[in-house]
Amino acid sequence: MIKLYSPIILLLLIFTSCGSNEALENEKESNQVIINQKVRDAHSYSNVHEIFTKHLHLDLEIDFNSKTIYGTARHHMKNNGTDTAVFDLKGIEIIRVTTGVKGNEKNTDYVIGQEDPIIGAPLSIKVDSLVTDINIYYKTTEKSDALDWLDPHLTDSKKYPYLYTQGQAILTRTWIPTQDSPQNRITYSADVKVPKELMALMSANNPTQKNDSGIYHFEMKQPIPVYLIALAVGNLSYRKIGKNCGVYTEPTMIDEVAWEFQDLKKMMSAAEELYGKYEWDKYDVIVLPYSFPFGGMENPRLTFANPTLITGDRSLITVVAHELAHSWSGNLVTNATWDDFWLNEGFTVYFENRIMEKIYGKEVADILALIEFQELEVEIKEIQESDHPEDTYLKLALNGRDPDEGMTQIAYVKGAFFLKTVEELAGRKKFDDFMKNYFKEYKFQTLTSEMFENYLIENLLKPNHIKFDTKEWLYGNGLPKNCVKIKSPRFEYVQKLSEEFANGKDIFKGKGSKIKRETYITQEWQAFIRKLPRDLSVEKLKLLDDKLGFKSCGNSEIMTEWFVLSINAGYTDVRPEIEQFLNKVGRRKFLLPIYKTLSKDKENLKFAKKVYSNARKNYHSVSQKTMDELLNYSL
Ligand SMILES: [Zn+2]
């Protein structure tokens, strides 16, 4: 057995060690990934600077009866001459570890270090300096937080079980033993065995039909960070909607989903026109069950999407534009650590808005940006009053904390407004050329905020004599004064309408008699509801519900705004709708504001806890964790 390292010593080892230059040159030639030697990732134990995975092959058997994945992770590695390979591990049981290629393996010693509640434990494997193949035999446990095993009643058809994974930020280590740092880009392949009545899909080349064997083979030929390895298993069907794009979901939903995402092909052309070729061959979207904790997850070739996007009026399609944009920002050019998360998300929100502008026009894009900007302002205030006011910097310092804590509007919206502000100063043409070059220059690589800052200064700011203080944006509190301002007459109009209504005007009289839910887009209604006073009379709230049916309109963005206002204003008639919503939807973006508002007073908190104790089992661990903390819930 080899020595057990403490996390600190291990990090020191990682930090002080280097591979040889020759080895790096060879990697460059073979178009493989270059590991940046100076970047330290506080959320991974792995010693990627000494030995790193180039290709991972997975043999997986999915057992729905015991809710277990039995797996072998075969890592083909580049070894710079080390005697230990360190992997990340959490909630996984190791069965044995071997070295050598399949069929010619020998057992090797390993040791699992002390478990940290956030980043898990290091799995240190003894190797000799010539070893390049390590095979880890393992099984998942109920602590494998990436996995959401759904009983049939939580699916649309209610007939078959379902499984999906969520890897970002550091959950891949809970279902595959890997070097779980975004710095390590790998290719992967997999053989996955599932019950015969189900189909398996991954973030790789995918089947479009079930087969009789229940065994599926996958290849991901482009190098990706391991948080993008993803798997979904269920009773699924496929519908092609463009030359190289389509949708997957349960057969009972396929017509609706295909209709809702019809504009996918337009979005792909718009994105390519903006920032260059789509590098992943195919782009499909899978609509998962309601427990999925996010709006979407940009797993390459196969975006995972939340069924709350299916509204029947294509009004929440912007999330798909967002996930598609990640095919460039995030998946092609990736944040080196979770402290640089804004490089993934800020760029993507910016890019998403440009796609929306190209297809639906500037008016719509501006309304979308303003709604997000309002959310940013609220969140900045909250963060400034929290224990971590420094979380309003774009460059985060999440050492010792869960990287999920960096998933705030800072990375997303402040990041996007950084780019919008630079765009305004440079002019669109120059800015777009810069972005195109950036994606080309760094494709299939990872970078830090500092590397981007330098690239921006050298390639856009300096040559064009643009005065722009990158430091105050990256390492400064709140929003810098030079932040671009967006004006939208349509946004202002609904805000005025809202004020008039609150002040007693009957907005449904005369010309207003034609106002319906469809009169305004989702984000205009959000702006309208947000502008209403938090203590609006119950009578007025009832009137709006009678006329516009917000409480059961089926659009979860609007419903969430409405529930938050209703709770604040003491409009308790909507409790049955709130309860129903919380039992069905597991998307954290909606759960959090509703539970948070409920927890502000004693009576509502009692109601929230009652609902949660029943609804909790319908959520993914990502949402459970957030709500457990918020409601002080323990099993
Ligand atoms: Zn995103």
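The values are calculated or read from the model by the stated rules, or taken from the named source; none is laboratory data. No experiment lies behind these values; they were computed from the predicted model shown. Every residue, glycine among them, receives a Cβ derived from its backbone with ideal geometry; neighbour counts consider all protein chains shown.
Worth a mention:
- Unmet criterion (only one of (1) over 25 Å from M435 (Cα atoms); (2) among the aromatic types (F, W, Y); (3) under 19 Å from the mean Cα position of the chain (by Cα)) for W259: (3)
- Counted residues, region 586-610 - those being part of a loop (DSSP other than H, G, I, E, B) and either acidic (D, E) or closer than 15 Å to N568 by Cα (or both): 3
- The listed residues are D284, D263, and the only one of them that is acidic (D, E), closer than 21 Å to E357 by Cα and more than 16 Å from the ligand (Cβ to nearest atom) turns out to be D263.
- For G276: the one exception among (1) on the phi > 0 side of the Ramachandran plot; (2) in contact with a Pro (Cβ under 7 Å, 6 or more places away or on another chain); (3) not β-branched (V, I, T): (2)
- Check on E458, more than 16 Å from the ligand (Cβ to nearest atom), among the charged types (D, E, K, R) and farther than 27 Å from I380 by Cα: yes
- Taking first residues from region 320-333 that are on the phi > 0 side of the Ramachandran plot and partners that are part of a loop (DSSP other than H, G, I, E, B) and within 9 Å of the ligand (Cβ to nearest atom), the Cβ contacts under 9 Å between residues at least 6 apart in sequence or on separate chains come to G330/E298.
- Meets criteria (of a type in the set (G, A, S), assigned by TED's automatic domain parsing to the domain that holds K589 and out of contact with any helix residue (DSSP H, G or I) (no Cβ under 8 Å at 6 or more places or on another chain)) for G549: no
- There is no residue in region 301-312 that is surrounded by fewer than 21 Cβ atoms within 10 Å (Cβ to Cβ), small (G, A, S), without any contact (Cβ under 8 Å) to a residue 12 or more places away in the chain and more than 13 Å from the ligand (Cβ to nearest atom).
- Flag if L630 is over 25 Å from T318 (Cα atoms) and in a loop (DSSP other than H, G, I, E, B): no
Residues checked against (1) farther than 17 Å from V333 by Cβ; (2) more than 16 Å from the ligand (Cβ to nearest atom); (3) in the same structural domain as T348 (by TED's automatic domain parsing):
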| residue | (1), (2), (3) |
| --- | --- |
| A411 | no, no, yes |
| K414 | yes, no, yes |
| L425 | yes, yes, yes |
| R428 | yes, yes, yes |
| K436 | no, yes, yes |
| N454 | no, yes, yes |
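- Elements of type helices (runs of 4 or more DSSP H) contained in region 437-522, each with 2 or more residues being under 30 Å from S181 (Cα atoms) and within 34 Å of the chain's Cα centre (by Cα): 449-456, 470-475
- Hits in region 328-367 (condition: outside any helix (DSSP H, G or I), small (G, A, S) and away from the ligand (no atom under 11 Å from the Cβ)): A336, G361
- Where I371 falls short, out of the listed (1) without any contact (Cβ under 8 Å) to a residue 60 or more places away in the chain; (2) within 22 Å of the chain's Cα centre (by Cα): (1)
- Residues in region 378-390 that are in a helix (DSSP H, G or I), free of Cβ contacts under 8 Å to residues at least 40 places away in the same chain and over 20 Å from the mean Cα position of the chain (by Cα): 4 in all.
- Filtered by the rule that a residue be aliphatic (A, V, I, L, M) and touching a strand residue (DSSP E or B) at 6+ places or on another chain (Cβ under 8 Å), region 309-354 gives L309, I310, V319, V320, L324, V333, A336, L343.
Every residue, every condition in (1) farther than 25 Å from E557 by Cβ; (2) basic (K, R); (3) at pLDDT below 95, yes or no:
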| site | (1), (2), (3) |
| --- | --- |
| F304 | no, no, no |
| T308 | no, no, no |
| D313 | no, no, yes |
| T318 | no, no, no |
| A321 | no, no, no |
| A325 | no, no, no |
| N331 | yes, no, no |
| T334 | yes, no, no |
| T337 | yes, no, no |
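- L419 falls short of the stated requirement of being out of contact with any Lys or Arg (no Cβ under 8 Å at 6 or more places or on another chain), away from the ligand (no atom under 16 Å from the Cβ) and in the same structural domain as F452 (by TED's automatic domain parsing).
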